[in-house]
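The structure appears below as C-alpha cells.
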Amino acid sequence: MNDELDKLKAAMQSATPEVDDTAQARAIDAGMEAFEKNFQGSVDAARPTREQTRWWALISRGVIDMLKPLTSRQVMMATASFATIALAVVLTGQYNAPNNGTGEVFAVSEAKIDTLGRAQAPSDGEVSVMVLEEADMAAVSEMVAAPVMSMADTRMEVSGLAAPSPVATSRMRGFADALYEAPMLYQQNTDKFPDADMNPLQVVSEDPVSTFSIDVDTASYAFVRSAILGGNLPPADAVRTEEMINYFAYDYPVPARGDVPFTTSVTIMDTPWNPDTKLLHIGIKGYELAIEDRPPVNLVFLIDTSGSMQDSDKLPLLINSFRLMLANLQPDDKVAIVTYAGSAGTVLEPTSASDSTAILASLERLYAAGSTAGQAGLQQAYALAEQMANGNEATSRVILATDGDFNVGISDPEALKTYVENKRESGVYLSVLGFGRGNYNDALMQTLAQNGNGTAAYIDTLAEAQKVLVDQIGGALFTIAQDVKIQVEFNPAEIAEYRLIGYETRALNREDFNNDAVDAGEIGAGHTVTAIYEITPVGSPAVMVDDLRYGTEEVGSLNTGEYAFLKLRYKTPGEDISKLISTPILPDADAGLGGEAEFAAAVAGFGQILRGDTLMNGWEVSDAQALAQASKGEDRFGYRSELITLMRLAESLN
Amino acid sequence: METSNEKLAELAANGDEAAFRSLLQRHYAIIFRVGFRVLGNREDAEDLAQDICAALPKKLASFKGHARFTTWLHQIVINGARDVIRRKQSARRKASGWGETEVLRRDEAAETKAELDWLSNAMTTMPQDLRETVALVLGEDMTHGQAAEVLDLSEGTISWRMSEVKKHLREIARKEEML
C-alpha cells in the first residue's frame, strides 16, 4: 500500500456510517416476508422434503406435474398463484390436460363449485363487497383458488415461479446477469396474466360449434393503455381482445325493459383485414337503469392498506376514486369500509351514503403501512355485508381494491373453499378493482371477479375511475342477467372456417351450454357486450385448410342458406333455470348499427395485432387507426379518441 | 462452531426460515457498507440493502455452484448498486451520492469535514468501475484476487485499476496544490 490508498481507505472507513438498527430491522423484515411468500408459493419437485411443511403440501404430486408447463416470465417473482392454481385443481377436479398442443383453450368451469355454492342464492339479498387489496390477502387467495382454475387453461401463466420448477431453475441460474441487465431490478415487474393462446382457426366440417361465456371485464384495456402510455407495447399475454372491445360502450338497440333483459344484434360485415372473409358481429345490450330507479345498494369497501399500497397510483388514487363514486350514490345506499394491514379493522361502520362527511373523513384517514392480514379482512367485509343485507332489500357488494397477490396466510384451503361457497350462497357479490403496476395479478383478479359474480376493472387513472365507478356505475353494481353463454353453430354448407376473436379465457365446452350448473359471465345494467367471429365462406380463396381427401361426403344436407345459428342462454338474477334465445344468422344479417360494428372491428384488429396474430394479412395499426377514426361516432366521453391516440402511440412504438 | 454461510444458504434455499434470518443478520452490515461505498449515500444504501434482503429468497436458488457465499453476495450488491446508479442517471436526476456531502457533514467536526470533502471529491470524480474496485479492495479489505472474482475480471485488471486509482488521487492532489 501507499499513502494515497491508505488515506482513501481510512477516509472511506470513517465516512461509512454505522448500521442503523431500525433500517436493519426493516430490511430483515422485508427479507423474511419475501422469504415466506417465496416458499409458500414454491413448487419444486427437486425438494420433496420441503413440501410437507406448507399448506399446499396437500396438493398431490401428480397435479403439480401436470402444471409444469407453466412458464415463468419474470424469474424473480414470487408466486402464490402457482400453488393456488394447483390447489384449485384438487378442489374442483376440473383440470383438463392439453391433449393435442393446438393451443385450444380448455373450458372451464367454475361450475362444480358454483353448484355447491350458489344453488339457493336468494334473489333479493345480494351483497356486494368491494375489496381493496394489496399484496397478501389470505382469505381471498383461497376464494380465488376456485376461480383461477375455472378460467384457466392449462397453460395459464403464473409468472413467478419463486422457486424452482425445472423451467424456473434454469432461468434463475443466469440471475446475476439478469440483475445487471435489468435497470429496474428492485422494482421487478411481476404482473401476471393468464397465458391463453389465441383461438385457432376452426374447420366447420370438423368443429361446427363454438361456445363461450360473455366477458364484461375491461381490465385488459386499461392495462394495455397504461403500458402504451408508459412507452412500451404490452406483453401479448396482457392483451385480451374481447376486453378491449368491451371496454367501449356501443350504441346498440336498447331493450324495452321487462321480459328480456337485453337485445341481441347480429351483423355480417366485410373483414377489414381480409377481403375474402367476413366478420360475424354479435352485439348485446342490457337495459339501462335510471339512477333514481335502481334499488339501494350496500357497499363494503375492502381496502388493502398494507405498505405496498402507498404508491400514488394505488391508495391515493383509490381514495380519490371512491370519492368520485360517493357523489353518485343515493341517500338510501349504505357504505362501510374495512381495511387490512397488520390487523384487519372496520374503519367505517355501515353509514348512509348521504353522510358523505363521515365517509370522506374515514377515507382520508387511510394510510398504507405494515403487512397484510387478508383473511381476517375478507371475513370482516363479508360479515359486514351480510349484516347490512339483513332485513333490507338492498343488494350488497364487497368491493376489493388490490394491487396484487393474495397468497399469504392461508392455513386450510378446504376451510376457505367452504367459506367461499357459503358467501356465494349468502348472495354477497364481489367486485375487484385493480390498482398499480409492478405486481398486478391480472389472472387472479379476473378469476376473483368471475367467482364473485362481479367485474374486474383496472384503475390506472382518475379518468378510468370516473368511467368505471361513475359513468357505468349501473353496470358495476346491478346485474341484470347471469351466466350468459353464447353458442354459435356454423353451417358447413356455407361456412368453411371460423375463428372467435378473443374470449380465449372464456371458452366453454359444447355440452356446458345447456348445463345450468356451469357458471358464466354476468351482464350489468346498460352494459354492452360484443363478440366477433371471422368467418370464411365456402369457396373463398381465404380458406386455409384443404378438404380431406377421404373426408365425409355430403355436408350441409340441410342447406338453408343460413351462415350459422346463434343461441344464447342467460338467467335472470337469482334464478336457477336459464332462458334460451335463438336466431338464425343469414348472409345479409344487418342490425343497422351504423359505424358501431366497424369501430368494434377496429378495436378487435388492434387487439389482435398486439397479440401477434398471424392472420392479419399485413393489416397494421395505422389501418386500425384509420378505421377507428372513421367510425368513431359521437364519442361522448372521449374514450374512443383516447384509443385512437393509443393506436398512434403504439404505431410509433412498433 | 458457527454454521458456515454456505450451509446456511443451502438450508435457506430449502426453506429454512431460521437459517435465512441468520444469513440476513450476519450480512446486513456488509450489504449496507458496500452499497454505501459505491453509492455514497446513506438512504440509497439502506434502500438498496432492504431491496436486496427482499430479493434474496428468490436469488438463493442461483447461489448453487458458487464457492463462497460472500463473493456471491458482493456481486449482488455491486450489481444492485449499478442499477441504482443507472436508474438515477436515466431519470436524469442530478447525480446524488458522493456529490452530496451535506449528509456526511452533519455532526462532523471541522477536520473531519475536510477529510470528507476530499473523500467525496475523490469518489465523485472517479469512474464507477474504479469506485466499485475501491469499495471492495479498500473498503472490504479484499485481495485483488477476491475482488476479481466478485467483479468477474482478471486479477491483473484489478491491479491495473488500483494503480489507476492511485493516479487519480495524485491528480487530485496535484490540482489542490495548484490552487
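Nothing in this text is a laboratory measurement; each read-out follows from the coordinates by a stated rule. What you are looking at is a predicted structure, and each value in this text was computed from that prediction instead of being measured. Positions of Cβ are generated from backbone atoms using ideal geometry, with glycine treated the same way; all protein chains shown enter the neighbour counts.
Averaged over B:17-25, how many beta carbons belonging to a partner chain fall within 10 Å of each residue's beta carbon?
Per residue, the average neighbour count from other chains is 4.
Evaluate the charge dipole of segment B:1-93 about its Cα centre and quote only its size in Debye, nearest 20, assuming +1 on the Cβ of each Lys and Arg and -1 on the Cβ of each Asp and Glu. Please report the intermediate quantities before stating the final value.
Details: 16 positive and 11 negative charges, 104 e Å.
Value, rounded to 20: 500 debye.
Add +1 for every Lys or Arg and -1 for every Asp or Glu among the other residues with Cβ under 13 Å from the Cβ of A:G561, and state the total.
Local charge sum for A:G561: -3.
Which trypsin sites (Lys or Arg not before Pro) from segment A:552-654 combine a DSSP loop assignment with at most 15 other Cβ atoms within 10 Å?
The qualifying sites are A:R636.
Taking only C-alpha pairs under 8 Å that are 6+ residues apart, what is the relative contact order of segment B:1-93 in percent?
Working: 68 pairs, mean separation 28.9, N = 93.
So the answer I get is 31 percent.
Taking every pair of Cα atoms in segment B:126-179, average 1/r, invert it to obtain the Kirkwood radius, and report Rg/Rh to two decimals.
That ratio is 1.07, to two decimals.
Order by neighbour count: A:F637, B:F20, A:F513, fewest other Cβ atoms within 10 Å first, most last.
If I rank by nearby Cβ atoms, fewest first, I get A:F637, A:F513, B:F20.
Starting from the coordinates of the alpha-carbon atoms of segment B:1-93, obtain the Kirkwood hydrodynamic radius over all distinct pairs and give the value in Å to one decimal.
That comes to 13.7 Å for segment B:1-93.
Quick one: compute the contact order of segment B:126-179, relative version, from alpha carbon pairs under 8 angstrom and 6+ residues apart, as a percent.
33
Over 24 Å between Cα atoms, which of A:K9/B:K59; A:K334/A:K579; A:K423/A:K571; A:K9/B:K175; B:K7/B:K58; B:K7/B:K59 qualify? Write out the running numbers ahead of the final one.
Details: A:K9/B:K59 31 Å; A:K334/A:K579 33 Å; A:K423/A:K571 20 Å; A:K9/B:K175 21 Å; B:K7/B:K58 17 Å; B:K7/B:K59 15 Å.
Exceeds cut-off: A:K9/B:K59; A:K334/A:K579.
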